[in-house]
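Nothing in this text is a laboratory measurement; each read-out follows from the coordinates by a stated rule. Keep in mind that this is a model prediction, so the values were computed, not measured. Cβ: placed from backbone, ideal geometry, glycine included. Neighbour counts: every protein chain shown.
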Amino acid sequence: MTIRFECTACGKQLRIPESSAGKRGKCPACGTTLSLPEGVYDAEVVGLDDEVGAEGLLAVDELANPADSSEEGSRRPCSACGEMIVSSAAKCRFCGEIFDPELARIEAKKKKKGRSSVDEDMSTGDWIAAVLCSGIGCIAGIVWMIQGKPKGLKMTGVSILFAFIWGIIKVAAQEAGRR
């Protein structure tokens with residue numbers, strides 16, 4: 001299926017394959033870089049994130065395949081937002097609600113993969129901040145906990161622990177200085 005749209009710079013009617021929706025590409029007529037529109041269909045294709053070159057765009061007069069755009073399908077309201085979507089949609093294009101269990105599983109796996117080891121393990125700089133600057137490390141840990149990063153709890157705990165250790169060392173040094 002193809003998506004029709006107009007170049008914002010020169011007004012040329014263009015068509016792109018649905019796999020290019022949401023990416024960036026160049027108009028073959030004027031060379032303007034465009035954000036390629038989403039289609040009027042309601043299911044989201046899980047796929048590539050790369051940019052589309054000028055060869056990915058086809059002018060309407062260069063692509064004569066009217067069979068692709070003739071099928072509309074029946075529509076129903078989305079259960080989450082109420083917008084009218086294609087009955088067979090796997091995902092609402094308006095609110096992002098996922099109806100297909102397989103797509104929901106893939107999206108959940110993507111989100112899980114999206115969290116990098118940087119979010120889970122403390123870096124050397126994090127350890128230095130937690131040990132030497134416990135107050136700053138504690139604040140950073142609290143911010144990360146609010147953001148939902150797993151290393152936030154670890155950073156806060158290590159910072160509080162070292163604040164107590166530095167307090168004990170300070171008291172011991174003061175007592176030793178009095179003697």
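Summary of computed values
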| item | result |
| --- | --- |
| Neighbour-count order for Thr124, Thr8, Thr156, fewest beta carbons within 10 angstrom listed first | Thr124, Thr8, Thr156 |
| The range 117-178, Rg to Rh (Cα coordinates; Rh as Kirkwood inverse mean 1/r) | 1.13 |
